[in-house]
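The block underneath contains the structure these notes are about, expressed in C-alpha cells.
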Amino acid sequence: MAKVTGKFQITLPKAVVDHCGIRVGDELELRPIGRSIQMARRSAPDAARLRHERLTHFNRATKRQRARQASALVAPARSRGWTREELYIRGRTR
C-alpha cells in the first residue's frame with residue numbers, strides 16, 4: 001500500500017523495491033490502464049554510447065579552448081609603480 005502526499009508523491013514499499021531491483025535515481029514510467037496505473041522501470045541508456053558522447057563533447061571543448069589560448073595575445077606586464085608586497089605593508093598600522 002502506498003499513500004499519495006500533498007505534492008502527489010508516493011513512497012514505494014520496500015518489499016516492492018527489493019523485488020523489482022529499483023535503486024535511487026532510477027526512472028519509472030507510469031502508464032494509466034483503465035482505473036489503475038502501471039509502473040515500469042525505464043531501460044537505462046547504453047553506457048558505452050553515453051561515455052562516447054561525453055568524451056566527444058569534452059574533446060571539442062578542449063580543442064576550442066586551446067584555439068582560444070593560442071590566439072590570445074598577452075601583452076608584456078607594465079610597471080604600476082608599486083608591488084604587491086608594498087600593498088601589504090601600506091595597509092598595516094605602524
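The values are calculated or read from the model by the stated rules, or taken from the named source; none is laboratory data. Remember, it's a predicted structure, so these values are computed and weren't measured experimentally. FYI the Cβ positions are ideal-geometry reconstructions off the backbone, even for glycines, and counts take in every protein chain you see. Side chains included, ligands, DNA and RNA excluded: accessible areas come from the protein's heavy atoms. Shrake-Rupley method; radii C 1.70, N 1.55, O 1.52, S 1.80 Å.
For the chain, the share of accessible area belonging to carbon and sulfur comes to 56 percent (1.4 Å probe, ligands and nucleic acids excluded).
Based solely on its DSSP helices, what 222 nm [θ] is calculated for the chain when runs of n ≥ 4 H residues each add -39,500 (n - 2.57) and the sum is averaged over all residues, nearest 500 deg cm²/dmol? Walk me through the numbers on the way to the answer.
Numbers: 3 runs with 40 residues, N = 94.
Computed mean residue ellipticity for the chain: -13500 deg cm²/dmol.
Using all pairs of distinct alpha-carbon atoms, the Kirkwood hydrodynamic radius of the range 9-48 works out to 11.7 angstrom. Build a GNM of the chain with springs between Cα atoms under 10 Å apart, and of Thr62, Thr11, Thr83 the one that fluctuates most is Thr83. In this simple spin-label approximation, Ala67 and Met1 carry label points 7 Å from Cα along the Cα→Cβ vector, and these lie 6.4 nm apart.
How would Phe58, Phe8 line up by accessible area, probe 1.4 Å, largest first? List each step's numbers first, then the result.
On the way: Phe58 125, Phe8 175 Å².
From most exposed to least exposed: Phe8, Phe58.
If the chain linking Asp26 and Ala77 were pulled fully straight, counting 0.36 nm for each residue of separation and taking away their Cα-Cα distance, it would gain 13.0 nm. Over all Cα atoms in the chain, the spread is summed up by Rg and Dmax: 29.3, 84 Å. Accessible surface area normalised per residue over the range 24-63 is 96 Å², counting heavy atoms of protein chains with a 1.4 Å rolling probe.
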